[in-house]
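J.: Structure provided below as structure tokens; questions to follow.
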Amino acid sequence: MIEIRIHGRGGQGNVAAAYILASAAFQDGRHSQAFPNFGAERRGAPVTAFVRIAEQPFSRRCQVLNPAFLIVQDEALLHIPGVTDGLLAGGGILVNSTSTTELLREQTGLNIVALSANALARKILGRPVPNTALLSAFLSLTGMISIDALVKGLEQRFKGEVLDRNTQLVNEAAQLVQVGLWKEINHAANA
């Protein structure tokens, strides 16, 4: 079972990202689960969402305490205590940031990949909503689920021009990270 924790702020599509990722896993023939954890339900407040993906059915229903991967939709959250807690040794962190991957790795000492998802989303969607770009980059890094399955997951949520633009965003974001960089983490967490 792969466990993923997604950190973001209200309004960034954090919960939607978790549900879309779980739906993509289901589209790819896997078992999946997604659920949020809210504090104050207001725009800008920190929000955490959890995703589990497995080849076999599972019954675990608790929060994800020891994820193999973190997706952080707001770089500022990296400086909030607890955000990286429990990350498995060698686990990967994908962060929406205008900083470079090298700089963030140097500052934190963690296995981080940076993607300027807000800028890419603004260019394609007209709004700085990073979730779809981050999911695409995450799947490109891990090879966990196909990009086609992600598009099918998006089809469950969007239609028409919104779907078309998100599909374009998925295709562009997947090319902005090193394909398969985290494949070994994915295999180790699945073992």
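The values are calculated or read from the model by the stated rules, or taken from the named source; none is laboratory data. No experiment lies behind these values; they were computed from the predicted model shown. Because the Cβ atoms are built from the backbone with ideal geometry, glycine has one as well, and the counts that use them run over all protein chains shown.
J.: Using beta carbons and a limit of 9 Å, which pairs, at least six apart or on different chains, have the first residue in region 42-70 and free of Cβ contacts under 8 Å to residues at least 24 places away in the same chain and the second one surrounded by 12 or more Cβ atoms within 10 Å (Cβ to Cβ) and in a loop (DSSP other than H, G, I, E, B)?
T.: Here the result reads Leu65/Gly86, each pair linking region 42-70 to a residue that is surrounded by 12 or more Cβ atoms within 10 Å (Cβ to Cβ) and in a loop (DSSP other than H, G, I, E, B).
J.: Hey, can you tell me all the residues within region 1-36 that are in contact with a Phe, Trp or Tyr (Cβ under 7 Å, 6 or more places away or on another chain), free of Cβ contacts under 8 Å to residues at least 60 places away in the same chain and assigned to a strand (DSSP E or B)?
T.: Of everything in region 1-36, those that are in contact with a Phe, Trp or Tyr (Cβ under 7 Å, 6 or more places away or on another chain), free of Cβ contacts under 8 Å to residues at least 60 places away in the same chain and assigned to a strand (DSSP E or B) turn out to be His31, Ser32, Ala34, Phe35.
J.: Can you name the number of the only condition in (1) surrounded by fewer than 24 Cβ atoms within 10 Å (Cβ to Cβ); (2) in contact (Cβ under 8 Å) with a residue 24 or more places away in the chain that Leu169 fails?
T.: Going through (1) surrounded by fewer than 24 Cβ atoms within 10 Å (Cβ to Cβ); (2) in contact (Cβ under 8 Å) with a residue 24 or more places away in the chain one by one, Leu169 breaks only (1).
J.: Okay, moving on. I need the full set of residues from region 59-105 which are part of a helix (DSSP H, G or I), modelled with pLDDT of 95 or more and farther than 17 Å from Leu134 by Cα, in order please.
T.: Correct list: Glu102, Leu103, Arg105.
J.: Shifting gears a bit: So Phe138 ticks every box in (1) within 12 Å of the chain's Cα centre (by Cα); (2) of a type in the set (Phe, Trp, Tyr); (3) more than 15 Å from Ala25 (Cα to Cα) but one. Which box is left unticked?
T.: In the conditions (1) within 12 Å of the chain's Cα centre (by Cα); (2) of a type in the set (Phe, Trp, Tyr); (3) more than 15 Å from Ala25 (Cα to Cα), Phe138 misses (3) alone.
J.: Can you find, within region 149-161, the residue that is surrounded by the fewest Cβ atoms within 10 Å (Cβ to Cβ) among those that are part of a helix (DSSP H, G or I) and touching a residue at least 12 places away in the same chain (Cβ under 8 Å)?
T.: Lys152
J.: When residues of region 52-75 are filtered for being over 19 Å from Ser136 (Cβ atoms) and either surrounded by fewer than 21 Cβ atoms within 10 Å (Cβ to Cβ) or β-branched (Val, Ile, Thr) (or both), how many remain?
T.: Adding up the residues that qualify gives 13.
J.: Only one of Arg5, Arg30, Arg9 is among the basic types (Lys, Arg), within 24 Å of Leu154 (Cα to Cα) and within 12 Å of the chain's Cα centre (by Cα); which?
T.: On the way: Arg30 fails: within 12 Å of the chain's Cα centre (by Cα); Arg9 fails: within 12 Å of the chain's Cα centre (by Cα).
After applying the criteria, what remains is Arg5.
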